[in-house]
There are 2 protein chains.
Amino acid sequence: MHDMPTPNSAAIEPLKVACASCNLRELCLPVGLNASELDQLDGLVAKRRAVPRGEHLFRNGERFEALYAVRTGFFKTCVGSEDGRDQVTGFQMAGELLGLDGISSDHHHCDAVALEDSSVCVIPYTQLEGLSREFSVLQHQFHKIMSREIVRDHGVMLLLGNMRAEERLAAFLLNLTQRLQARGFSASSLVLRMTREEIGSYLGLKLETVSRAFSKFQEDGVLDVKQRQITVLDQPALQRLVSNAAC
Amino acid sequence: MHDMPTPNSAAIEPLKVACASCNLRELCLPVGLNASELDQLDGLVAKRRAVPRGEHLFRNGERFEALYAVRTGFFKTCVGSEDGRDQVTGFQMAGELLGLDGISSDHHHCDAVALEDSSVCVIPYTQLEGLSREFSVLQHQFHKIMSREIVRDHGVMLLLGNMRAEERLAAFLLNLTQRLQARGFSASSLVLRMTREEIGSYLGLKLETVSRAFSKFQEDGVLDVKQRQITVLDQPALQRLVSNAAC
DNA sequence: CGAGTCTTTGATTATCTTCAAATCCCGTGG
DNA sequence: CCACGGGATTTGAAGATAATCAAAGACTCG
């Protein structure tokens, strides 16, 4: 036994990470907290965990103990149908919370997988409940995050229920660029961390259909597509596709 | 002006309704509370509101003030795409909570419409946050309800993304009968409160497709369909359809 | 009883999936 | 440094599923 994290399992780092100095604090759980409250939250978020690309942060059925805030990297969550094939339910980037589904039954209801080398803050759930009984701002922020997830899911249901392939892909790309922009990245240039198949699973499409939609956007001069390197050339065109959905 | 509720607007009844004596307390927010806690929750849930069939309980964009627990009746919630057509995101029956989407931004993000004459308990949200800071059991129960909604939504995403028409309808009917059974109704006989179009909107299908799926189930002896009166004749067949989905 | 809504059913069409094969790309090891 | 291997992506052709269009029939509510 030695101190190095084993290369093939998610390493636990007992490293202290201060929410107070985290550049994600305006996107994450600490929104609105004052200095003293931040300090107490930091006492709770004592652990960080590294998750190498391709590894699970947690699996469907595992006991739920903590929420995870993405610090760096990129995740997908998927639920599995009983026979094996699965549905990607979301992609999570820095500042977003993973594991909310686990509260309902003390067990996780989906898999969370890192799509690139990532690290997360571990937020022990019982302690979070305790602290949010003390600080109404934290309580409210936590509730807002859960509610936002519900609103997001309803948006995905609208997408899956009413939109056609190209409209779905347009909505997906706009959503991604918006979130990247909120984190200081370009609104027009992005590198996809997921495969066509994972995009397809999220959008309720087969990978070939996703690929064809990308090609169509390329032909139409809406996107420049170089494998996973995407440049948005005509954002209004994407917007129009989404707005005119289900006409 | 007179005391009668106006027939075309949801009436406000200042009637005291005791959670403590409500036969839904094992399905609703009060789960796990002791007598004294129940009493305090009752102090908060002071109002009941009647919503006639076809009326809105709240609308997309309205200010969010309170959650609503369905006391009697049946609701649908829908989100609208920008152009007009909308997606039903859920059907709610007795003991289920409406309005959770509103927490995220202090405004409702969907419409809630009564599908039959209904009544709800009004739960002022700020007060609920206050009380759940005092009672950890209430707090946890509330979190579980939000988390359960997220898990449910992920299930719908799986349905919309991976299942074919008949599989979707089977999953829908099994879900309905399970919830009705939990409320003491028959697991094999039910009256649909929604139109084929509303079912279709929820399932991402057109009303004709829903109708054809019902006819197919009737032919195959899986269901007896008399308009909205449905009898499940072969529940295992429905289960198989759902389990084998996306093979 | 009648109007209007809801539902069913048939025929045709659009969209997406499936199957298949070629190509691209990245990391690895020689 | 370059060739190789395997996963990822693109593209084409054929087939399946659900949408659309259309019309008739059934039920509900006033």
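Each value in this text was obtained by applying a stated rule to the coordinates, not by laboratory testing. As the structure is a computational prediction, the values presented were derived from the model and not from experiment. Cβ sites come from the backbone with ideal geometry, for glycine too, and all protein chains shown count toward neighbours.
Taking only Cα atoms and a 10 Å spring cutoff, compute GNM fluctuations for chain A and point out the largest among A:Cys121, A:Cys110, A:Cys22.
Checking each option, the largest mean-square fluctuation is seen for A:Cys22.
Who wins for biggest fluctuation among A:Leu98, A:Leu203, A:Leu27 in a Gaussian network model of chain A, springs between alpha carbons below 10 Å?
So, out of A:Leu98, A:Leu203, A:Leu27, the one fluctuating most is A:Leu27.
Distances in nm, one decimal, shortest first, from A:Ala35 to the same residue in every other copy, taking the label point 7 angstrom along Cα→Cβ.
From this label point to the equivalent ones elsewhere in the assembly: 4.9 nm.
If amide hydrogens are placed 1.01 Å from N in the peptide plane, which non-local residues have theirs closer than 5 Å to the one on B:His107?
Amide H neighbours of B:His107, under 5 Å, 5+ apart: B:Phe64.
If you count, for every residue in B:140-146, the Cβ atoms of partner chains within 10 Å of its Cβ, what is the mean? Intermediate results must be reported in sequence, preceding the final value.
On the way: counts 4, 0, 2, 10, 4, 3, 10.
Mean shielding count: 5.
Per-residue Cβ counts within 10 Å, from other chains only, averaged over B:104-110: what number is that? Before the final figure, lay out the partial values.
Working: counts 10, 4, 1, 0, 1, 7, 3.
Averaged over the peptide's residues, the number is 4.
Based on other C-beta atoms within 10 Å, arrange A:Tyr68, B:Tyr125 from fewest to most.
Ordered by Cβ neighbours within 10 Å, fewest first: B:Tyr125, A:Tyr68.
Find, to one decimal place in angstroms, the Kirkwood hydrodynamic radius of segment A:94-149, where the mean of 1/r is taken over every pair of different Cα atoms and then inverted.
Numbers: mean 1/r = 0.0784 Å⁻¹.
Evaluated over segment A:94-149, this radius sits at 12.8 Å.
Of the residues A:Glu96, A:Glu134, A:Glu55, which exhibits the maximal mean-square fluctuation in a Gaussian network model of chain A defined by a 10 Å Cα contact cut-off?
A:Glu134
Quick one: which of B:Lys76/B:Lys144; A:Lys144/A:Lys206; A:Lys226/B:Lys206; A:Lys216/B:Lys206 span more than 30 angstrom between C-alpha atoms?
Over 30 Å Cα-Cα: A:Lys144/A:Lys206; A:Lys226/B:Lys206.
Shortest first, in nm, what separates the label point of A:Arg63 from those of the same position in the other copies (7 Å along Cα→Cβ)?
So the label point of A:Arg63 gives 4.6 nm to the other copies.
What does the convex hull of the Cα atoms come to per residue for the protein assembly as shown, in Å³? Kindly include the intermediate steps, with their values, before the conclusion.
Details: hull volume 83.7 nm³, N = 494.
In the protein assembly as shown, the Cα hull volume divided by residue count equals 169 Å³.
Determine ³J(HN,Hα), in whole Hz, for all residues of segment B:27-40 in sequence, where each value follows from phi through the Karplus function 6.51 cos²θ - 1.76 cosθ + 1.60 and θ = phi - 60°; x replaces Gly and Pro.
Going residue by residue, I get 10, 9, 4, x, 3, x, 6, 8, 4, 5, 5, 4, 4, 5 Hz, with x marking Gly and Pro.
Once phi is turned into θ = phi - 60°, what whole-Hz ³J(HN,Hα) does the Karplus curve with 6.51, -1.76 and 1.60 give for every residue of segment A:170-186, x standing for Gly and Pro?
Listing the rounded values in order: 4, 4, 4, 5, 4, 4, 4, 5, 4, 5, 5, 4, 4, 9, x, 8, 5 Hz.
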